[in-house]
Structure formats: structure tokens, C-alpha cells
Amino acid sequence: MLVPCIREIQQEIAALKSEQASGRLHATRASYVCEKILAQIQAVQREMATKQIRESEPKYQVKQRKSLHELYDELAQHQDWERRLAAMVKDKAFTLEQTTQASSRQPLQQQLLALEGRLARCQQAMARLEKSILQLERKG
């Protein structure tokens, strides 16, 4: 599960090195990509830190009804993820546009499709959360 995340981090670092070596790396891009890499590393660290806890939890838990406050917190988290994923999609699309070699384009296209899929799933989850919030608010 973590392997794709780690590969993506490695690819971003390799892209930074390549751009720096060719003299195409701008400070704003370097800052943005480094920020993105740092966020991904932190996500991997959180995942690893909670792995043991998740493995000890029962697989099937009875769904508990979430409070309105919890739903709003979840929605805020998803909105943050959506913002990050949209930025990653934009960055990958930019990188793809700048790439002229056909052999380099295919992996970038696959990465872009994967990111777009993640973004779509995030947006679907947000829509479900918004629906749940509306239902709870109507109940009073």
C-alpha cells in the first residue's frame, strides 16, 4: 500500500534532480515540489505509525452515527485533500506538457490518470459527506 506513495516520492525527487541538472528548475517550482514531497513523506510516516493500531482493530465494526461536528471535520479534511490532489494533478499535467520524449510521457500519463482517479474518489466522498450533513441538519 505504501509502495506507490514511496515510488511517487522517488519520482518527484528524480524529476527535481533532472530539472536542476538541466538548469530548468525555478525556485517556485522547487519550493512547491519540496512541499509536496514533504507532505507525502509525512503521510507515509503517519501510515506507518498507525499500521499496528489498524491491524489490531476488528475488520467489521458496527457503523456509529457520526455527529454533525465530526462530519464537518471530515468534510474539511476531504476539502484539504481535494486541494492537494488538484495541485498534484495540475503539477503532473504541467510536467507532462513539458515532456517531449515519448518514452517519458507514458509513465507521466499513467501517474496523471491515477491522480485524477484519486481526486474523483475524494470528490465523491465529499458529496456523500455533504449529503449526510444535509440529512442531519434537516433532522434538527
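Worth a mention:
- One decimal place: the segment E137-E57 gains 25.7 nm when fully extended, by the rule 0.36 nm per residue minus the C-alpha distance.
- At full extension, H26 and R105 could sit 26.3 nm farther apart than now, given 0.36 nm per residue minus the alpha carbon distance.
- Where only alpha carbons of the range 8-108 are counted, the Rg and the Dmax (Å): 18.5, 56
- Degrees between helix 102-139 axis and first principal axis of the chain (Cα, 0 to 90, nearest 10): 20 degrees
- For the range 54-140, the C-alpha radius of gyration sits at 1.51 times the compact-globule guess of 2.2 N^0.38 Å, with N the residue count.
- Cross-link table K51/K131; K66/K139; K17/K92, entries beyond 25 Å C-alpha to C-alpha: K51/K131
- What you get for the chain, charging only the Cβ of Lys and Arg (+1) and of Asp and Glu (-1), is a dipole of about 320 debye around the Cα centre.
- Here the accessible area of the chain is 55 percent carbon and sulfur, with a 1.4 angstrom probe and all protein chains present.
- Förster radius 22 Å - calculated FRET efficiency between E70 and A39, Cβ distance, rounded to 0.05: 0.40
- Computed with a 1.4 Å probe over protein heavy atoms only, the accessible surface of the chain comes to 76 Å² per residue.
The values are calculated or read from the model by the stated rules, or taken from the named source; none is laboratory data. Please read these numbers as outputs of a predicted model, since none were measured by experiment. All Cβ positions, glycine included, derive from the backbone under ideal geometry; neighbour counts span all protein chains shown. The area values use the complete protein model at the heavy-atom level, side chains included, leaving out ligands, DNA and RNA. Shrake-Rupley method; radii C 1.70, N 1.55, O 1.52, S 1.80 Å.
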